[in-house]
Each structure stands twice: as structure tokens, then as C-alpha cells.
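Colleague: Handing you a structure now.
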Amino acid sequence: MPGISSESGESSSLVPFSPEVGDPVVYPLHHGLKPPISRLSISWSRGNSLRVSVFLKPQSDADDSEIGGKVVEVKLGSGDGEIDDAQWRRIAYGSVSPFALLQSRKNSMSALSKMSASSSAYEADWWEYVMEYSSDINFLLGGQKLPPSSVIEDPKTILKKVEEPTCLKSAWELLEIFYADKHSQAWMPERLLDWLADYDSLLSGTQPTVHSKLVNFQKDLVSLQAIEDDPKYWEAMSSPLAVGWLDIAVKMLHLHGSYQLDQLGNREIENGLVEAVAVLISKMPRLRPELAPGKLGECYKTKPDFIKAWEKWRAQLTKLDCSTYWVQCDHNRTKEGLKNLLQIMLGNANILSSATCNWIELHISHLLYIRPFTMVSCVSRVFKIIWSLIAPIYLTSCMKQGMGLLEILLYKQPVQHNQLLLKVVTFIVLNIEICRLYELDSVSSKIMKIAGVHHWKHGKKGSGVFWLQQAQDEVCLNRIAQQLFNFVGKSISDESLKQWEGLIELLGSESRTAGGLEFLHKYFILNSNLGCSTGIGISKDPFSRFMMELLLMPLRKPVESLISLMKNPSTPQRFWLPLLYDSVISSLVIFLIGSWLKLLNWQDRPLLNVSQTNLLLNKLQELSMARLRPDFIEADLPSQALSSVRLALATNLGRAILEE
Amino acid sequence: MEKSVVTFDKGTTCSSWNYCGERLATGSIDGTLAIFDSVDPASSSFTCTSTSRVHEVSIVKVVWVPPEYGDGVACICADGTLSLWEEVAEDTKPLQWKLCKDFETSSNQVLDMQFGVSFTSLKLVAAYSNGHVKVYELLDPLELKNWQLQAEFQNVIDSVSKFGKAACLSASISWTPQRGESQQLSFVLGFNSNVMQLNSAKVWEFDQDHQRWLPVAELALPEDKGDPVYVVAWAPNIGRPYEVIAVATHKGITIWHLGLNPDLDGRLSVGKVALLSGHVGEVWQMEWDMSGMTLATTGSEGAVRLWQSNLNGIWHEQAAFEPTT
């Protein structure tokens, strides 16, 4: 259990737990294989399911079985059936816009609070927004409650039919009570009471509850004649009173036989006592702003008023409890039953304990009758436990546990699938959007990194770089840059260029810090200019020839690229020579389609001006010096590379000087 | 309640699902590595999409490389060799599984290995039959072939203790499940050997300042320290102020709480909170669910057991699955 260490003293527990632990339930696991089995292996899978690998013992060679084992998936827990897939999708999609609204409000508020000194002014607004969000989600999790089915109520119907409650909604409301609703913190016990009234039936599945008690009593009610003679009646009535469902208790009291017209005459003391208890129940002070129609009690908005009223009410209870009328009441069951109800309201712990069925109910009864003035901070700890058990959507509100689980869930989403690429991309984008909304940056970079590495290694270099850029994974991007550098100095063929398809655009798509890639981008521009003219020049394809014509025009472009590359401090020194040499080699290839088409050794007129040539010569000089250092990395080039580049530059310089 | 999702070929000895449960790798007695994929992610039926012969002897364990580092698996074979295989597309060739690293094993066999992801790098811990532990670090995040040996030590608290030649039957390693970036990189390791000192599960943590691995906790009561350890499993932690680790020995499965803050000596506080009995013989495997609240285990009696703590913090067996035809 998160947050609760098992050593935390049981003795101080508000509510005693039963320490017994039941025997495990043993289920058969049908695999349909012929034993013997050599081994089992397990793996948790999505949706609370467990995958069990069953390996068969290898039999003799004569064995004709072709099967070596199986993986069997076991779905654990059947409680998830309350919400179907379509409903889940509706909740998922519906929750996006309220959350986006909340997020944008949060952003604008944090912007505002940066400007002004006091942030507390926005605090109140913020919780209003959170509550608004919470009620939007709450609405999504279930429809509105049904209105009463008929105007005239059957007096014998003690439990009204409401909408079928769901665990999800109940969990959300608990969250709202403890985390979001700052306004009603003062009357939290009352909010818990309302919560229990709505959701106690959910607990009935696994254990007896006040609700199940009432359902059972409702069935018996039809056959009961003198209701007040039956101990079940009194027992069933004490339970709703203990958890504060006053209207039900009063309604049940009014079923008492002494109210019948023919009885009134001779049972007036008894009826008086019944009525007195009913009045006291319906006058119980409640620390809450208002009550739903039909609910009983008297509301007090402030604690001092409430305390005053409470003390007065308690005095009336004590007075009635000590009244001499009890002696005159000769119906013993009624006397005992009513006294029992008074004891509940007077906060008798033993009676509260027997009137309630589980620890949540008992806890609420304590808050109502034993410690009505305590705030609920101590309860929240206890409730933390049940959230983790019943609430899947508590994720976002319960910071540590919820966010932790969300992180793990998101991380475990697949980012690849061979057949359904588009769907998966949509899925990644959706996951990343969720991460963004919940400010889980580290998770989204992980997701993007997984996608990036996967694409990179599966031959989709462009997508790989794209996702790694999104993940801002400097380490991987630099490694990729290093790998690409290895192409430098080798003439890039059309075939290998194809592998980098889309990469050039990607590398230049946004500004970035990875120095290696900035260099590469420029390198690619240079190479695509050079490479294209080369490749296209050889091609016989008419379209390519047309393209060549076009390319001849911006011939100065590669020069600019080359110069900017050489000027750029991010260009690694070890690539200076390959770059320069590449230009010479490329120009030699270009020479095939026309000797006039050369880059450095431009025949008609120099492509590089004096200062550009000087720059390159200086770089070359720097390189010659650097070669003397032990850490210098020699490029994989012919030995005469340096001298041929130097010669080309010198020739160009001469021409450039003449030209200028 | 149960449905069949994969059918293994004859001679399959081990299997492992990848991080998202969408790919399955299996190893077989003839040294074949098989990969199973689903044709459609919505369907839950998997078919074999690739087979590669990894070795001449049986594969005994397959472990997926963390997804941030590609689609790869580590294979431990019956002769104690360890190799890494990866699915890659090279140049214009189609996707294929390729060997990217064969680890040197010399005379000692690899008994178990696990990957650990830190913010900056991928680490690999391997436990050997002589009681040694080696930690390797990946040098290039995009190349699974370049590994550097970062550390080698024995699974003992006191490094000066002397003992004879160790012969280890099995070992079990479990990394702390990582989230976030700041979390300390650590793992727990236990041996099943003839040397008492090596056996007990110890928690190892990487000391950034001195660049070395230190034992920060021992998960055994004084009287149980020599007990051979079958399996260890570190639980995911979502918001607990302490870590939870399960350790299985012949006495049962013990659940340990491990404090988060070291004392002056750098040790973490430990507390044994439960001893769970239920498995009759050896415990084979222990797996925590992703919330770290349910522990699933298998053992030599052939059952799968699920363990949980109740509201009182009392651990108990919640359910068991017994395979039948």
C-alpha cells in the first residue's frame, strides 16, 4: 500500500481491522497440454492480466507432439465489467477538453502570479477551477441521478431507486472530497455521509452493509404484521441512523404500529415517545450549508452556531433519555428500540459498532456522533488506503501514487507496430499529449526516444532522427552525426543518399543545439547540390537532364555552402580535408559532363573570390599544423589529397586575383 | 477466464515478453531464438515472425534490452555464454536479427543477467558461477556492440572476508525499477551457492562520487544469512516512502522494506515484514505487478501464486492457479 507502512500502529487505528486472513482461492488453469510440464513462467500484462508460459518436458524422440508449450492469458478480477469499452472511450475523449481548460487556466494563472507578488489571491480561484473540472469529470463518469419515479411515494419503500452507482464515480467523488473541494472541508463528515448514502451499495458485493441490511429488511417488510414486535425492525432502523441517513430512520419509525388510527387511543404514551424520538432525529444539527430536499436535520453553516445547537440537541436527548415516561410505556420492544436509537445519537460506541457493518460505516458514525467537532485530517489517511484499491482514475489527483502509476502506464504503451504505422504514430502523439498535459516531460522524452531508436534501427533514418530530435536526445543525435560523418569524404551515391531521404529537411527544420547536426545539415545542402548535378548529369532521363539545366544556374550555391561550412566552428576539424577534397572530386566528376563545370578549379572564371580562397587556404594551413598533434584523426583519403586541394586552391586564388 | 495467446514449438525452454507485452522472445533446447509478434495489436494472437540460431546448446534465459536501446535480447545459454542479439535493418536489406555482442565468459558461466537504465546510459549486470558480478556499460546508445566493463566484485558485504572456491548453481538479479531521473541506480543480487557469504541478497548502489559499487543493505536475518537465494524481485515504487523487495529462499518468500535514506555509514535500514510460505519446493520466478502491490510467483510444485498485503499491512496469499489440462 502506498504511503502506509505496515508497522504503523494498529493500536492507534480509529477503526479496528479484523486481522484474520482468509485462505487463498485456488483456480484451475486450463492449458490443454499433455503433461509433464517442465516449467512455468509468468509475466504481467495490460489490463490486470497475467500471462503464464507453460513449457512441456521434452519427451522421447518417438513423441509425435509438435507443441512445446503455450502462453495462457488469465484475466484477474472481474470487477472491471461495470464500464464497457465504448463508455471508456466516451470518458477518455470527454475528459480532454475539461483538462485542457484547466491546464490553460493553470498556465495563465502561473503567468499572472509571476507578475504579482501575492499568489494567494489566485489560490481561491484556482480551487474553483479544480472543482469545475472535477464536476465535469464526475458528470462524465455517470449520468445524473434519476428523479423520484412517482410523486406519491409508497410509505413502505424505505430505499429509493437511484442510478446504478459505479466504483469509478465513487472513487472520483472521494477524491473530490479530500483533494479538490476546499470549500466544504469544514463539513467533510457530512460529505462523507452523502458519499456513503450514494455508494454504500457498492460495498455490499463483498461484505454486509447498512444498505444490504435495508434491502433485506425491505423484502421482509411486506410480510410483517406488527412491525414493532419484530427485533429486525429495530435493528434495521438503528443502522441508517448510525450512518446519518435520518430520513430513512424517521420513515421507518413512522411505520410503527402506534401510529395506526385504531391504535392511537390506547398507545398514546408509546406513540408520544416514538414521535419524540422521530422529532429529535429530524432536528439533528448538521454542519453543512444545505440539505437536499427530503433530507432531515437542521443546517448550520458555521462551527460556533453548530456547536451551540449541538449542545442544545444533546441536552434534549439526555432529557428524553431520563424521562419518566419510559416507565409508563408497556411495550418493551418499543422501549428498548427507542432507547437504542437515543444511545446511537448520544454516541454510545458499542451500539454504533453493532449498528454498522464495516469500518467505513463505523468511521462515519464516529464522526457524526462521537467526535462531531473533529476535522477530518485523520480520516484522510485511512481513506488513502481505499483509493488505491478502488480507484483507477485517481491517477491525476493523488500526486505521488497516481502520477507514478500514470508514468508506468504511459511508458508501457507500444510505440511500434509493423503493420499499423499510422495508428501507432497517432497513438504516440496522443501519449505525448497526455504527458504534456500532466507535465510528465521525462516520460514523453522516453516515449519519443523509444520511437526514435526503433525507427533508426529499422531503416527509417528520417523518422528516427525526427523522434530523437523531439526527445532532445543530444547523446543519440551526436552519435548519429558521427555515423553520418563517416560518409563524408566518400562520394555519396544516389543509392546511399536514398537512405537519408527526408533527412536534409529534418535536420534543417528547426534550430538546435546539436553542433554535429548543424554541420551535417549544411553538408547535405552542399552534397545535394554537388551530388545532384553529378548524378543527374550522368543520367539519361530527360527529366533529370532538365533538372541539370536548372541546377546549372545556382552554381554558386555549393560554394556558399562550402564556405559557410568551413567558417562554422561546429564543423569538426577532421572533416575539413574531406570536405575540400570532396569538392575537388565532385568537380572532377562534374567535369565528365563538361570540363567548364568545375568548382574550385573553375575554368572560365573562379567560383571562389580572393577572401573565400584565403579562408580555405588558412584552414588548410591550420590543418597541416594540427596533423602534427598526436590526437589528430587522419581522414580516410588518398595521400595526395592535401596537396591536390592545395593546388586547386592556389590555382583558384591566382585566377581570383586576376579577376578582381 | 483464460485464453491461449501463443503456442510454442517443441523444445522451447524459456520465454520473455518485451516492455509493452507486444513481442515475445523464446529460446529453445537447440539454441534457437524465436520472436513472436501479433499481426494486429488489437488481436491477442501471436505468431512466430523470426527464428535465429544463437548457439549449439540450449538457451536458458532470454532478457529484452530496454526499449530505449532498440529491439534486442540477451541470451544466456546452458554452457554459461551470454550474447546480445538485435533486430536491425542494414542498408537496403530487410529486417533481421543479428548478433551484436558475445560476452567473454572464460571458464566461468553466466548464471543471470539484467539490464539497468540510468538517465545517461544502459548498464548490464551479470552474475557468474564463481560468485563474481560484472557490471558493463554501453558506450554508444545506438550500438549494442560496444560495452565496457565498469566494475567486477563479489556479492559480499565485507570485501576482505576469505572463503574457498565458490561453486554457484544459480543467481538472481533485480534492478530498482527506474522512474524519473534523480533516482539512485541500484540492484539487488542473491546467489544459490556453497559459500554462505555470497548467498544472502545484497543491495548494491553506485556511488557517483567515488565511481564504485557499494553494498548498502543485506536482506537476511543473522540466522538466515547463509541460506541459498533462489530469486529476488524489486517492487515498483509509486509513492511509498520505502522500497519493497521480495527474496525467495527454501524457507519461503520474505518481503523486505528498505529505507530510502542512508545512515552515516551509507547503509540503508531494512525490515523483514513477512515470511510467506505456500510454494512447496523451489521458487522459480517472482514478478511484481506494475503498481508494486501484487507479487506473482511460480515454483517447482507447478503453481502460480498471487500475494498481497491487506489493509493491515499483513501479507498473505490471495489466490493460486494450478495448471490442469
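The values are calculated or read from the model by the stated rules, or taken from the named source; none is laboratory data. Since the model is a prediction, treat every value here as computed from it, not as a measurement. As a convention, Cβ positions derive from the backbone with ideal geometry for all residues, glycine included, and neighbour counts pool all protein chains shown. The accessibility values were calculated without ligands, DNA or RNA, using every heavy atom of the protein model including side chains. Shrake-Rupley method; radii C 1.70, N 1.55, O 1.52, S 1.80 Å.
Colleague: Among (1) under 18 Å from the mean Cα position of the chain (by Cα); (2) modelled with pLDDT under 90, which single condition is B:D158 missing?
Modeller: All conditions pass for B:D158, except number (1).
Colleague: Only one of (1) over 30 Å from B:A167 (Cα atoms); (2) touching a Leu at 6+ places or on another chain (Cβ under 6 Å); (3) within 13 Å of chain A (Cβ to nearest Cβ) fails for B:S52. Which number is that?
Modeller: (3)
Colleague: Further question: Given the conditions (1) at pLDDT 90 or above; (2) farther than 19 Å from B:W284 by Cα, and given that B:T254 satisfies all but one, which numbered condition is not satisfied?
Modeller: For B:T254, the exception is condition (2).
Colleague: Now for a different question. Got a sec? Which of B:Y242, B:Y230 is without any contact (Cβ under 8 Å) to a residue 40 or more places away in the chain, within 14 Å of chain A (Cβ to nearest Cβ) and under 22 Å from the mean Cα position of the chain (by Cα)?
Modeller: The conditions single out B:Y242.
Colleague: So which pairs qualify, if the first residue must be in the range A:299-314 and in contact (Cβ under 8 Å) with a residue 60 or more places away in the chain, the second must be surrounded by fewer than 15 Cβ atoms within 10 Å (Cβ to Cβ), the Cβ gap must be under 7 Å, and the two must be at least 6 apart or on different chains?
Modeller: A:I307/A:F373
Colleague: Mind telling me which of the residues B:N199, B:N192 ends up being open to solvent by less than 30 Å² (accessible area, probe 1.4 Å) and touching a helix residue (DSSP H, G or I) at 6+ places or on another chain (Cβ under 8 Å)? Talk me through it step by step, then tell me what you get.
Modeller: Values: B:N199 fails: touching a helix residue (DSSP H, G or I) at 6+ places or on another chain (Cβ under 8 Å).
Matching residue, one of B:N199, B:N192: B:N192.
Colleague: Something else now. Does B:G259 satisfy the criteria of being closer than 18 Å to B:D158 by Cβ and either open to solvent by 20 Å² or more (accessible area, probe 1.4 Å) or in contact (Cβ under 8 Å) with a residue 12 or more places away in the chain (or both)? Give the steps one after another, and end with the answer.
Modeller: On the way: closer than 18 Å to B:D158 by Cβ: no; either open to solvent by 20 Å² or more (accessible area, probe 1.4 Å) or in contact (Cβ under 8 Å) with a residue 12 or more places away in the chain (or both): yes.
It is false that B:G259 is closer than 18 Å to B:D158 by Cβ and either open to solvent by 20 Å² or more (accessible area, probe 1.4 Å) or in contact (Cβ under 8 Å) with a residue 12 or more places away in the chain (or both).
Colleague: Quick check on my filter: what residues within the range B:8-31 are more than 22 Å from B:F115 (Cβ to Cβ) and open to solvent by 20 Å² or more (accessible area, probe 1.4 Å)?
Modeller: B:D9, B:K10, B:I29, B:D30
Colleague: Yes or no: B:E218 open to solvent by 10 Å² or more (accessible area, probe 1.4 Å) and at pLDDT 90 or above?
Modeller: Details: open to solvent by 10 Å² or more (accessible area, probe 1.4 Å): yes; at pLDDT 90 or above: yes.
In short, yes.
Colleague: Report the residue count in the range A:52-79 for those that are modelled with pLDDT of 85 or more and either more than 7 Å from chain B (Cβ to nearest Cβ) or not in a strand (DSSP E or B) (or both). Walk me through it before giving the result.
Modeller: Filtering the range A:52-79 for residues modelled with pLDDT of 85 or more gives A:52-57, A:67-74.
Among the residues that remain, those that are also either more than 7 Å from chain B (Cβ to nearest Cβ) or not in a strand (DSSP E or B) (or both) are: A:56-57.
So the answer is 2.
Colleague: Do you know which residues across the range B:101-129 are under 18 Å from the mean Cα position of the chain (by Cα) and farther than 27 Å from A:I480 by Cβ?
Modeller: Answer for the range B:101-129, where residues must be under 18 Å from the mean Cα position of the chain (by Cα) and farther than 27 Å from A:I480 by Cβ: B:Q109, B:V110, B:L111, B:D112, B:M113, B:Q114, B:V125, B:A126, B:A127, B:Y128, B:S129.
Residue by residue, here is whether (1) within 12 Å of chain B (Cβ to nearest Cβ); (2) under 26 Å from A:L140 (Cα atoms); (3) at pLDDT below 75 holds:
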site	(1), (2), (3)
A:I4	yes, no, yes
A:E7	yes, no, yes
A:S13	yes, no, yes
A:L29	yes, no, no
A:R46	yes, yes, no
A:L50	yes, no, no
A:D84	no, yes, yes
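Colleague: Report, by residue number, each residue of the range B:307-325 that is more than 7 Å from every other protein chain (Cβ to nearest Cβ) and open to solvent by 10 Å² or more (accessible area, probe 1.4 Å). Step through it out loud before you land on a result.
Modeller: Initially, the range B:307-325 is screened for residues more than 7 Å from every other protein chain (Cβ to nearest Cβ), giving B:307-308, B:315.
Selection gives B:Q308, B:W315.
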